[in-house]
Every structure is written in structure tokens, then in C-alpha cells.
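S.K.: Take a look at this one; I'll ask things after.
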Amino acid sequence: MAEQALPGWKKWLEGSGDQVIFLKGFFRNMFRGGFEWSEFVRQCYEIGYKSFTLVSITAFIMGLVLALQLRPTLVSFGAESMLPRTLAIAIIREIGPVITALICAGKIASGIGAELGSMKVTEQIDAMDVSGANPMQYLVVTRILATTLMVPLLTLLGDVIGLIGGFLAINISSKVTMTLYFNKCLDSINFSDLLPAFIKTIFFGFVIGFIGCYKGYNSNKGTESVGLSANSAVVAASLWIFVIDAIVVQISNIIIY
Amino acid sequence: MEDKETIEEQKHSSSKKKELVIHIKGLKKSFGDHHVLKHVDLDVHRGENVVILGKSGTGKSVTIECIVGMLIPDEGEVKVFGDDVPEMNEKQLKELRTKIGFLFQSGALYDSMTVRENLEFPLTRVLKIRDQAEIDQRVEEALEGVGLADAIDKMPSELSGGMRKRLGLARTLIVKPEIMLYDEPTTGLDPITSREISQLILKMQKKYKTTSIIITHDMECAEITADRVVVMNDGEYVAEGSFDDIKKSKDEFVCSFFLKPML
């Protein structure tokens, strides 16, 4: 039994070691001269701007549904006035960052995994490497930094749109002005709610870019492996999002409360 | 006729030069239990065109991948310009690679970039040229050299198989490498286009004065481009000589390559 389990462990350890080497390569190339600014800006556009609609729709529906689901429970306790505060805390602290990150994992990590996987299969990465260019700097550093920058920004936008969705849901059954609603939301939020939530989105962005690039860059040759890279990038990035979320929440609870 | 004379003249002049550029001795490479290269010796001199013939899976591509440092040999020496490739660090390897052009079988064109951007990429990233006028001039010159001047703003997906090979060749040659490694440059092309590509390889070799290793199983390509032919089978060399010498060989494997009965 032990002999059968060994190759799996060996493979896992090898994979972990590869990821550490890849991470080291990323940091080394990030601080090397000749940063690819134009490619970085292009990736920010591809990753940020082109994900905005999807994140907006998801965040809007999320806020709307959350308000509709919460309202009956709060009404039964006579605490309907707590709805904006509850919504704001839930969306800004937890639901906004995690849902946005999961949406980005599905769209961006899979996209990067498939794109780099396809470049690997068609020998484009080998061609860059063998010509003396630096594919890590051009393909990997730019994408990871772009996701690290854009996912927090998308989350901030998603939070605002989620709260607007909540406002519309509240207005279906009762009349509340937008000023009052947002005043109540902002009154309930303080710096200790915003900061950990924002910090974790930076880690979410980094892990989405890193996993996507790692899976694509180390894709095996063959068309099947392109799909596999995209698929495993989504699964691994989603898992890492929950792990990071648990760690950051635990640390912020210890430090702040 | 005139073309044939020119070709012979080029071959003769290039074989005269004797400076050793690539030296391979006792090269061995395995992947798991599969011994791809069992014992390979090869010397290539400056200006020489060496064709490696052999059926698929005999280790031809592995040999050139060892030369450029993409693969590390298990045993043996691989020296380029007198430097041991497996012993090189990342910086030395990068420097060496700027002197070597590698034409992939698929062309390996950057499919998200236009033809112009494909050619600009090595100029700005490898040679670090910043002057746009010089970049434009070199791009136009490279495209004119391979007869693709009209395709400058097209995407690689809009090009035919032969045009993609030409573009791959132009992108590799734009940095003016001293050594060219061609991995099956005519595979997947019709006979007319194959001949055109083979003649283009020879023309480019004359223009840029490169030393070349051409991996192929296209006999016409070998005949057009080779100063010397090396035949490989099962990870070892089985015959070596000029194309005409190899053609006259009585070796069973070599005869089967020329589709002729064993003498």
C-alpha cells in the first residue's frame, strides 16, 4: 500500500518544488531590467476591462439576491432597518472579494492557462526561449502583475455594484432613498472592515495570475493538455482563494479584534 | 542550369572553410528507458550546410535541441564556438542563443501578433534595438528577402503553409545568426513549395553566410541544400558523405531511404 501511495506523494512534492522554482523565476524576472510596460498595459486591459461586465452583472445579482433573502429573516426579528448595514458588511468583508475572485479564477486563470498552454503546444514559448528572448518576463511577469492589480480594482467596483443591487431589492418592498441607504451602509463600515478585505484581494489576484501562468507554462505537449491546463488552473486557483480567505480572516481577527 | 551551377559553386566555396563551429562527441540522451541518442559524433565547420537524414523518432531533433541547450545530454560533449553548452549558465546560454537561429517544424509563429510584430519581437527583445527607423528597415528587408513584403500587416492565421515557413525563416534570420538549425523545414508542404523553401534556405545561407544543420527526410531538400549528409538510424549515425556518395551507398537502411533496391 505504501509503495502505491509513494508515486502520488512524489508527484505532489515535485509539483510543489516546481511551483517554488517558478515563483522564484517570477520574482527574479520582475526585478530584472527591461520591464514589458506595453504588454503589461495590454494585459491590464484584457484582464480588467474585459472582465468588468461579467463581474458587474454577477455582483449586481449577488447584492440583489442577498437583500431579498435577508429581508424576511430580519423582518421577523423586527430588524429591517439593519438590512443596509448587514448587506454592506457581508458584501465588503466577504462575499464581494470571494465571489469576484472566483469569477476571475473562472475567466482569467482559465484564459491564461489555455493561452500559455496553447503557446507551449505550438512551440511559441520554446521559440522565444531559444531566440534569446525572455518568455518569463514577457508572458508571466506581465500577466501576474496585471491580475494582482486588476482583481482588487474589480472587487472594489463589484462591491459598489453589489450594494446598488441590494438597494434595488430593498426598494421593491419599501421606499428608501439612495442617500439614506448608502449613508447607512457607510456608517456601518470602518477601516478594519475595508483593509483586510482589500489586502486579501491582492493575494487573490496574485494567485489567479500565478496559477494560470504556472499551469499554462508547464503544459504538456498535445491538444488535450491545453484543456487540462485551463481546467486545473481554475480548480487550483479556486481552492487557493478559499485557503487564502481562511488565513487572512483568521489573521485579521487576531490582529484587529 | 545556371541555378544548378550557382548551387554547386556555393557548396564548393562553403566546404573550403574549415573553422570548427559545432563539435559533438559521444552524445547520449535517454528519456526514461528510451535511449534516443546512443552515440553521436558530429563536427560542423563554418559556412557548411550539414543535412541530417533519418526517419522519425531517430533522435535528429534531440541532437539539435542539445546544441541549442534546450536539452541537457546524459553523456558526451557538445561544443559550440569552442564552449561546452551543457556547462553554460543561464546568461552564457542566452548569449549563445543570440548567435543561433532555430527554425521550428511548425514555424512557431506568435499567433497573437501580426507579421510585422513577429519580426519586431526579436529585434526589440534580443538585439534591444530602440530606433524605430532601423527596426522598420530591417523588417522590410527581411520580408523582401523571403518574398512576403505584401503580408506585413497580416496575422499568421491568414498565411498559407509555405508563407508561414517563409515568415518563420525571416524571423529567425532577422537577428543575423551565425548558425542556423532547421527542424524539418519542408514538412507538410507540396513539392513545389518544398523546393522553393529549400532554395530559399540556400539563398539565405549565402546572403547571411550562416553555418547550418538541416534536419529533414525530404530527399530533394537534402540534395539542394547539403554540402554533407549524415544519415541517422536508431540514435546513431550510419552513413556520412556528400549527397551523391550517400546515394551510391550499399547500406540497407540508406538504400531504403532512396527508395531503391539494395545493390
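We did not get these values from a lab; they are worked out from the coordinates using the rules stated. No experiment lies behind these values; they were computed from the predicted model shown. Cβ: placed from backbone, ideal geometry, glycine included. Neighbour counts: every protein chain shown.
S.K.: With charges only on Cβ, +1 for K and R and -1 for D and E, what is the dipole size of the protein assembly as shown about its Cα centre, in debye, rounded to 20?
M.R.: 1320 debye
S.K.: Using a basic spin-label model with each label point 7 Å from the Cα along Cα→Cβ, how many nm lie between B:SER157 and A:ASN231?
M.R.: Roughly 2.4 nm, to one decimal.
S.K.: Sticking with this structure for a sec: What are the radius of gyration and Dmax of the stretch A:1-141, computed over its Cα atoms and given in Å?
M.R.: Values for the stretch A:1-141 (Cα only, Rg and Dmax): 22.4, 70 Å.
S.K.: Gain in length, B:LYS38 to B:LYS176, computed as 0.36 nm per residue apart minus the alpha-carbon separation, to one decimal in nm?
M.R.: On the way: separation 138, 0.36 × 138 = 49.68 nm, distance 3.30 nm.
Additional length available on full extension: 46.4 nm.
S.K.: From the residues B:HIS217, B:PRO156, B:GLY188, which one has its Cα farthest along the dipole of the stretch B:100-222 in the positive direction, the dipole being from +1 and -1 charges on Cβ of Lys/Arg and Asp/Glu about the Cα centre?
M.R.: Farthest towards the positive pole: B:HIS217.
S.K.: Mind pulling the per residue volume of the convex hull built on the Cα atoms of the stretch A:70-209? Å³ is fine.
M.R.: Cα convex hull per residue, to the nearest whole number: 112 Å³.
S.K.: Further question on the same structure: Of all alpha-carbon pairs in the stretch B:76-198, indicate the percentage at a distance above 25 angstrom. Numbers along the way, then the final one.
M.R.: Numbers: 2074 of 7503 pairs.
That tail contains 28 percent of the Cα-Cα pairs.
S.K.: Further question: Could you calculate the contour length gain from A:ILE255 to A:ASN183, that is, 0.36 nm times the residue separation minus the distance between their Cα atoms, to one decimal place in nm? Spell out each step's value before the answer.
M.R.: Details: separation 72, 0.36 × 72 = 25.92 nm, distance 2.76 nm.
23.2 nm is the gain from fully extending A:ILE255 to A:ASN183.
S.K.: If you don't mind, another one. With all distinct Cα pairs included, what does the Kirkwood hydrodynamic radius of the stretch A:25-105 come out to in Å, to one decimal, could you say?
M.R.: Details: mean 1/r = 0.0641 Å⁻¹.
It is 15.6 Å.
S.K.: Work out how far the C-alpha atoms of the protein assembly as shown reach from end to end along every principal axis, then list the three figures in whole Å, largest first.
M.R.: 102, 62, 41
S.K.: Continuing with the same structure: Any chance you could count the Lys pairs in the stretch B:19-170 whose alpha carbons are under 19 Å apart, treating pairs 8 or more apart or on different chains as valid?
M.R.: 23
S.K.: Project the alpha carbons of the stretch B:81-125 onto their principal axes and report the range along each, largest first, in whole Å.
M.R.: Result for the stretch B:81-125: principal-axis Cα extents of 37, 24, 15 Å.
S.K.: What is the distance in Å between the Cα centres of the stretch A:230-244 and the stretch A:172-194?
M.R.: Cα centroid to Cα centroid, the span is 33 Å.
S.K.: Now for a different question. Could you list A:MET178, A:MET150, B:MET113 so that the one with the fewest beta carbons within 10 Å of its beta carbon is first and the one with the most is last? Please report the intermediate quantities before stating the final value.
M.R.: Details: A:MET178 11, A:MET150 25, B:MET113 15.
Least crowded to most crowded, the residues run A:MET178, B:MET113, A:MET150.
S.K.: Using just the C-alpha positions of the stretch A:132-257 as equal point scatterers, what log10 of I(q)/I(0) does the Debye formula give at each q in 0.12, 0.13, 0.17 1/Å?
M.R.: -0.64, -0.72, -0.97
S.K.: Right, another one. Looking only at A:LEU23, A:LEU102, A:LEU149, which one moves most when chain A is put into a Gaussian network model with springs between Cα atoms under 10 Å?
M.R.: A:LEU23
S.K.: Going by how many other beta carbons lie within 10 Å of each one, how would you line up B:VAL254, A:VAL151, fewest first? Spell out each step's value before the answer.
M.R.: Values: B:VAL254 21, A:VAL151 31.
Exposure proxy ranking, most exposed first: B:VAL254, A:VAL151.
S.K.: Continuing with the same structure: Once Lys and Arg get +1 and Asp and Glu get -1 on their Cβ, which of B:ASN89, B:PHE121, B:LEU71 lies farthest toward the positive end of the dipole of the stretch B:60-124?
M.R.: B:PHE121
S.K.: Rg and Dmax of chain B, using alpha carbons, in Å: what are they?
M.R.: Using the Cα atoms of chain B, the pair Rg, Dmax is 18.4, 61 Å.
S.K.: Let me ask something else. Please count, across chain A, the pairs of lysine residues with Cα atoms under 16 Å apart that sit 8 or more places apart or on different chains.
M.R.: Values: A:LYS11/A:LYS215; A:LYS24/A:LYS215; A:LYS50/A:LYS107; A:LYS107/A:LYS215; A:LYS120/A:LYS215; A:LYS120/A:LYS221; A:LYS175/A:LYS184.
Number of lysine pairs found: 7.
S.K.: Over chain B, what is the relative contact order in whole percent, taking alpha-carbon pairs under 8 Å and six or more residues apart?
M.R.: So the answer I get is 25 percent.
S.K.: Let me ask something else about it. Go ahead and set up a Gaussian network model of chain B, Cα springs under 10 Å, then flag whichever of B:GLU178, B:GLU220, B:GLU134 fluctuates most.
M.R.: B:GLU134
S.K.: Under a crude label model (7 Å from the Cα following the beta-carbon direction), how far is A:ILE247 from B:ASP111 in nanometres?
M.R.: Here the modelled spin labels are 3.6 nm apart.
S.K.: Related question: Considering only A:LEU23, A:LEU66, A:TRP9, whose Cα is most displaced toward the positive end of the charge dipole of the stretch A:1-67, charges sitting on Cβ of Lys, Arg (+1) and Asp, Glu (-1)?
M.R.: Going by the charge dipole, the pick is A:LEU23.
S.K.: Please get the size of the charge dipole for the stretch B:119-164, origin at its Cα centre, with Cβ charges of +1 on Lys and Arg and -1 on Asp and Glu, quoted in debye to the nearest 20.
M.R.: Working: 6 positive and 10 negative charges, 66 e Å.
That gives a dipole near 320 debye.
S.K.: In a Gaussian network model over chain A where Cα atoms closer than 10 Å are linked, find which of A:SER229, A:SER173, A:SER110 has the largest mean-square fluctuation.
M.R.: For chain A, modelled as a Gaussian network with Cα springs under 10 Å, the answer is A:SER173.
S.K.: Which translational diffusion coefficient, to the nearest whole µm²/s, is obtained for chain A from the Stokes-Einstein equation, given a Kirkwood hydrodynamic radius over C-alpha pairs, 25 °C and 0.890 mPa s? Display every interim value, and only then the final one.
M.R.: Details: Rh = 19.9 Å.
Diffusion coefficient, whole number: 123 µm²/s.
S.K.: Quick check: Cα centre of the stretch B:96-134 to Cα centre of the stretch A:18-88, how many Å?
M.R.: Using only Cα atoms, the two centres lie 36 Å from each other.
S.K.: Same structure, new question: Suppose every Lys and Arg Cβ carries +1 and every Asp and Glu Cβ carries -1, with no other charges. What dipole size does the stretch A:1-101 come out with about its Cα centre, to the nearest 20 debye?
M.R.: Values: 10 positive and 8 negative charges, 33 e Å.
Here the size comes out at about 160 debye.
S.K.: Between B:LYS250 and B:ALA149, what length comes free when the chain is fully extended (0.36 nm per residue of separation minus the Cα-Cα distance, one decimal in nm)?
M.R.: On the way: separation 101, 0.36 × 101 = 36.36 nm, distance 4.61 nm.
Full-extension gain reported as 31.7 nm.
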